[in-house]
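Okay, structure first, notes after.
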Amino acid sequence: MYILFGGTFNPIHYGHLFTANYIYNYFKCSKIIFLPNKQPYYKKKTKISCKKRVKMLKLAIKKKFEINLLEVKNKKKLYTINTIILIKKKIKKNIYFLMGYDSLINFYKWYKWESILKICNILVIKRKNKIYKNIKKKIKKFITYDIYKFLKNKNGLIFVFNNFEVNISSSNIRKRYKKNKSCTGMLPKIVDNFIKKNKLYKN
């Protein structure tokens, strides 16, 4: 079982890492592949370069995980559907796509989002204590809470974890750095040191 974990990772934090570790053990995965993107159009433009975000990822990721730089290195714009197709051709295995609940809410805006569901299943992690807006009906029809049904089918389903939530967000971490507040315990020390050394998130 190969899982693609997409996101901006701006910055990578323990919420991302605990999620990856939980999913890795829960499904006994062959591999979890972190897939940093350039800039989702539905998010505010980040001032941190792809190069620096990738550097933080590399500092934080353990050996059992991988990083795929297809989207950030490609000169042409690669949509998620294109990336998944390219990776599937290479590894020739079933692929699952892992995202946060915030991404699920906007999933209907993604380029050829229905085509993504035709070639893979999607795993979704909630953020603790966050109240979410209603999900669009056209997305809701693909959601299942039946893990056995989800694993039995190779595509077309979205599984939302109700027994695992994260309580750390990149946006909160960025705000804390801007206000010179400590982020100890929220992200790896090596990443914290890199951010401070390069004075990231100050403006």
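Among the residues of segment 88-142, the one identified as among the acidic types (Asp, Glu) and either within 17 Å of residue 37 (Cα to Cα) or in contact with a strand residue (DSSP E or B) (Cβ under 6 Å, 6 or more places away or on another chain) (or both) is 102.
Looking at 51, 55, just one residue is more than 15 Å from the chain's Cα centre (by Cα) and modelled with pLDDT of 95 or more, and that residue is 55. The residues of segment 63-87 that are closer than 11 Å to residue 35 by Cα and assigned to a loop (DSSP other than H, G, I, E, B), listed by number, are 68, 69.
For segment 93-101, the condition of being assigned to a helix (DSSP H, G or I) and within 29 Å of residue 195 (Cα to Cα) holds for at least one residue. Of all positions in segment 92-113, at least one carries a residue that is at positive phi and surrounded by fewer than 13 Cβ atoms within 10 Å (Cβ to Cβ). Is at least one residue of segment 97-113 among the small types (Gly, Ala, Ser) and at pLDDT 95 or above? Looking through segment 97-113, none of the residues is among the small types (Gly, Ala, Ser) and at pLDDT 95 or above. The numbered conditions (1) modelled with pLDDT of 95 or more; (2) exposed (fewer than 14 other Cβ atoms within 10 Å of the Cβ); (3) farther than 17 Å from residue 56 by Cα are all true for residue 203 except (1). The criterion of at least 3 residues that are touching a residue at least 60 places away in the same chain (Cβ under 8 Å) and closer than 26 Å to residue 13 by Cβ is met, among helices (runs of 4 or more DSSP H) falling completely within segment 104-203, by 170-178, 189-197. Flag not set for residue 152, criterion: surrounded by 12 or more Cβ atoms within 10 Å (Cβ to Cβ) and not hydrophobic (A, V, I, L, M, F, W, C).
The values are calculated or read from the model by the stated rules, or taken from the named source; none is laboratory data. What you see is a predicted model, and the numbers here were worked out from it, not measured in a lab. Methodologically, a virtual Cβ is constructed for each residue, glycine included, from the backbone with ideal geometry; neighbour enumeration extends over all protein chains shown.
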